[in-house]
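Notes follow the structure.
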Amino acid sequence: MNPPTLLTGWGRTAPTAAHVVRPRTARQAADALASAGPRGALARGLGRSYGDAAQAAGGLVLDCTELTGPPRLDPDRGEVTAPAGTSMGRLITALLREGHFVPVTPGTRHVTLGGAIAADVHGKNHHADSSLGAHVRALTLVTPDGRTRRLSPDGDDTDLFWATVGGMGLTGVITEATIAVHPVETAYARVDTDRTGGLDATLDLMARTDDDYRYTVCWLDLLARGAATGRGVLTRAHHARIADLPRPLRRDPLHHRPTAPVGAPPWAPPRLLNRWTVGAFNAAYHAAAPERRRGQAQPLSSFFHPLDAVRGWNRVYGPHGLVQYQFVVPFGAEDTLTDIVTGLSRAGAPSFLAVLKRMGEPTPGPLSFPRPGWTLALDLPADLPGLGRLLDGFDERLLEVGGRLYLAKDSRARAETVRAMYPDLPAWRRVRERADPDGVLVSDLARRLRLV
Amino acid sequence: MRDSVGTVRTVLLLGGRSEIGLAIVERLVRDGAREVVLAARGGVEAYPSALTALGATVRSVDFDATLPDTHVKVVDHVVELVGDLDVVVDAFGVLGDQAEFEADPAAAARAAAVTYTGHVSVGLAVAARLRAQGHGALVVLSSVAGVRVRRFNFVYGSAKAGLDGFAQGLADSLHGTGARVLVVRPGYVPTRMSAHVDPAPFPATPGRVAEAVAAGLRSGATTVWAPRVLGPVFAGMRMLPRAVWRRLGR
């Protein structure tokens, strides 16, 4: 057997070692699962979950990025079927060529379809279109008992389907999926941009205008002090129609060529990102955004995936890596949101990628994260002194109002906290035990949070 | 599992009555550890009440450093009790009295066995488990006494020198396995074990050692000195001519 490989999530914290195999077919994935030892097995995609969701210490990790093949579009049914290792980027490229687009894309195109379903990812259209799970028409799941199941939201085993959507890979290995797609006229978004002066103004503008747009998201400056705390840059968009494009772009409206990424430096010193450097960046970013701009045509790739323009941006956080914190609080719990934002500002917590968004309808997945409310996602250096305590304190505030954390982002929550945030966990566990009676599927996340 | 901010769930203390060891455990519990196993001969009944007050579950197991044949079983037993070993603190040892050792060579050898070879068998047993689970840290309490062995305590010092070398080699053998070893080199620490020897310059307290260990575990260090100044001090000490070194009282 190969020597073990050290794996981390995108945050580059807490590495653990596992044996890695790369199945190319569903059959090979099933064989690999069957060969798992006492430390279990787990599927991994492109490693974009931030914490320890896609690693299994001492176990067998099925790197599914070679489970690929051409996506098969059925324009009449409005759906596409692709192997689970297909990346969102590849899927989008293939679909745009045919004038279609994915129902949901997260903030990076470097995720696999299987991983996106396992995390039930959401995008800038969650308030309008829910999460990816709501658009999955069918998926193929290989389970440790050697069976291959075709699951769908209206099939015979809907429990297992929904346990798999958002199930963090702990119900089986997804090898293929069919998702709904929709036609688009162009590969551009028609974007309206507004700058806000403080958190109240940001929340107010979002609450008033979200429903007028399919896609909305707000970047927040969490280091601004006083009344400026929570000032932001709000972008809201629709798919651009041909008539929305400036004349030169109309000749090839589906032109889609994401710019080749620039590499981040391979190494950055510890604490390069601190309250001064990030504060200066945030102030400059806020100042550079237009006060108010309407109808700008922006390529979909740069609208949805701005960070993909810098390859390995996570390295900028230095050798100790980064912690991503994403939570959702119900509408009406704005005070909690405000307290957390001011708490971060007061602690001088240097986050330069804080993103606020409103969420809409959830899916029935027991472990699926999205709930109607406000979701805030932010990155912090893992070696920030007192970070653990700061975030533990926020967790308690979340519990008071029925908020929850996103498992695909988590790398530090406590088991009892997550158990309280996901009341359907016991029900999910029962479904999982049916598909994996011997408890083969396991991840570091599952061990840390005692999910299984 | 260790999380992204360095919190662990389980801690095993080998040498469950060691004051420094217990200070390290308490520090880890303060940072969020929830399962503590104290391993010592006959088990451990008395431990700081802070451990349970802070929310940890404390268990104790029988562990005899002088019975290497039992060490694999002890480690297996602890794994059965608490699951994966996140941090193992290897803190047992016998300081003894140099003059008495010189008068009783057999006693000296028995003490050296506790301070050195006991760690070889249990250290390898722990390392095998950490390698298999793909993560975890072994904290080895070495001593500045082993960095350059001195006339006044060379039985203890030579055993610590052996332990220090063993721990470094073990650390290298675990490189790339997800498991790691942290070598801790405290100076003089006033405790029950050292009550009979005179204080030395640059003393530390168990709490200070615990602080250094916690920082080392967080930062990914391979070696920590407590206090930190002992690192450069001993870099200089190593250079001293033998004739001078021999005459150093302490």
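The values are calculated or read from the model by the stated rules, or taken from the named source; none is laboratory data. Note that this is a predicted model, so its numbers are computed, not measured. Using ideal geometry, Cβ is built from the backbone for each residue, glycine included, and neighbour counts are taken over all protein chains shown.
Assorted remarks:
- Helices (runs of 4 or more DSSP H) wholly inside the stretch A:72-170 containing at least 3 residues that are under 21 Å from A:E361 (Cβ atoms), in contact (Cβ under 8 Å) with a residue 24 or more places away in the chain and not aliphatic (A, V, I, L, M): A:126-129, A:158-164
- The stretch A:59-72 - residue that is farther than 19 Å from A:R150 by Cβ and out of contact with any helix residue (DSSP H, G or I) (no Cβ under 6 Å at 6 or more places or on another chain) and, of those, nearest to the other protein chains (Cβ to nearest Cβ): A:G59
- Taking the criterion of being among the charged types (D, E, K, R), within 14 Å of chain A (Cβ to nearest Cβ) and in contact with a strand residue (DSSP E or B) (Cβ under 9 Å, 6 or more places away or on another chain), the residues of the stretch B:4-47 that qualify are B:R9, B:R34, B:E35.
- Note on the stretch B:130-155: among residues that are closer than 15 Å to B:F166 by Cβ and touching a residue at least 60 places away in the same chain (Cβ under 8 Å), the one that is nearest to the other protein chains (Cβ to nearest Cβ) is B:V139.
- The stretch B:171-197 residues that are away from chain A (no Cβ under 14 Å), paired with ones that are assigned to a loop (DSSP other than H, G, I, E, B) and of a type in the set (D, E, K, R) (beta carbon under 9 Å, 6 or more apart): B:Y188/B:D198; B:Y188/B:R250; B:R192/B:R17; B:H196/B:D97; B:V197/B:D97; B:V197/B:R250
- Total residues in the stretch B:194-243, condition outside any helix (DSSP H, G or I), among the small types (G, A, S) and in contact with a Pro (Cβ under 9 Å, 6 or more places away or on another chain): 3
- Within the stretch A:208-227, tally of residues that are under 25 Å from A:A349 (Cβ atoms) and at pLDDT 90 or above: 6
- Condition check for A:A349: part of a loop (DSSP other than H, G, I, E, B), under 20 Å from A:G230 (Cβ atoms) and either of a type in the set (K, R) or touching a strand residue (DSSP E or B) at 6+ places or on another chain (Cβ under 6 Å) (or both): yes
- Counting only helices (runs of 4 or more DSSP H) that sit completely within the stretch A:242-345, those holding 3 or more residues that are farther than 30 Å from A:A413 by Cα, more than 14 Å from chain B (Cβ to nearest Cβ) and aliphatic (A, V, I, L, M) correspond to A:275-288.
- Pair list, Cβ under 8 Å, 6 or more apart: the stretch B:104-129 residue closer than 15 Å to B:F63 by Cα, other residue in a helix (DSSP H, G or I) and of a type in the set (F, W, Y): B:T115/B:Y156; B:H119/B:F166; B:V120/B:F166; B:G123/B:F166
- Residue that is buried (at least 19 other Cβ atoms within 10 Å of the Cβ), touching a Pro at 6+ places or on another chain (Cβ under 7 Å) and among the aliphatic types (A, V, I, L, M), where the choices are A:A187, A:A240, A:A177: A:A187
- Residue count, the stretch A:399-430 (criterion: surrounded by 20 or more Cβ atoms within 10 Å (Cβ to Cβ), aliphatic (A, V, I, L, M) and touching a residue at least 60 places away in the same chain (Cβ under 8 Å)): 3
- Some residue of the stretch A:289-306 being basic (K, R) and either at pLDDT below 90 or more than 23 Å from A:Y213 (Cα to Cα) (or both): no
- When A:A84, A:A41, A:A56 are checked against the criterion of being modelled with pLDDT of 95 or more, in contact with a helix residue (DSSP H, G or I) (Cβ under 6 Å, 6 or more places away or on another chain) and within 14 Å of another protein chain (Cβ to nearest Cβ), a single residue qualifies: A:A41.
- Of all the criteria given as (1) modelled with pLDDT of 95 or more; (2) within 17 Å of the chain's Cα centre (by Cα); (3) within 30 Å of B:Q133 (Cβ to Cβ); (4) not in a helix (DSSP H, G or I), the one not satisfied by A:L445 is (4).
- Selection status of A:N282, surrounded by 15 or more Cβ atoms within 10 Å (Cβ to Cβ), in the same structural domain as A:E400 (by TED's automatic domain parsing) and more than 24 Å from A:P15 (Cα to Cα): yes
- From the list B:R242, B:R247, B:R192, B:R180, the lone residue that is surrounded by 15 or more Cβ atoms within 10 Å (Cβ to Cβ) and either of a type outside the set (V, I, T) or out of contact with any Phe, Trp or Tyr (no Cβ under 6 Å at 6 or more places or on another chain) (or both) is B:R180.
- Listing of helices (runs of 4 or more DSSP H) fully contained in the stretch A:363-439 that carry 3 or more residues being within 12 Å of chain B (Cβ to nearest Cβ) and over 17 Å from the mean Cα position of the chain (by Cα): A:387-401, A:415-421
- Applying the criterion of being surrounded by fewer than 14 Cβ atoms within 10 Å (Cβ to Cβ), more than 23 Å from the chain's Cα centre (by Cα) and not charged (D, E, K, R) to the residues of the stretch A:196-228, the residue that is farthest from A:H238 (Cα to Cα) is A:G226.
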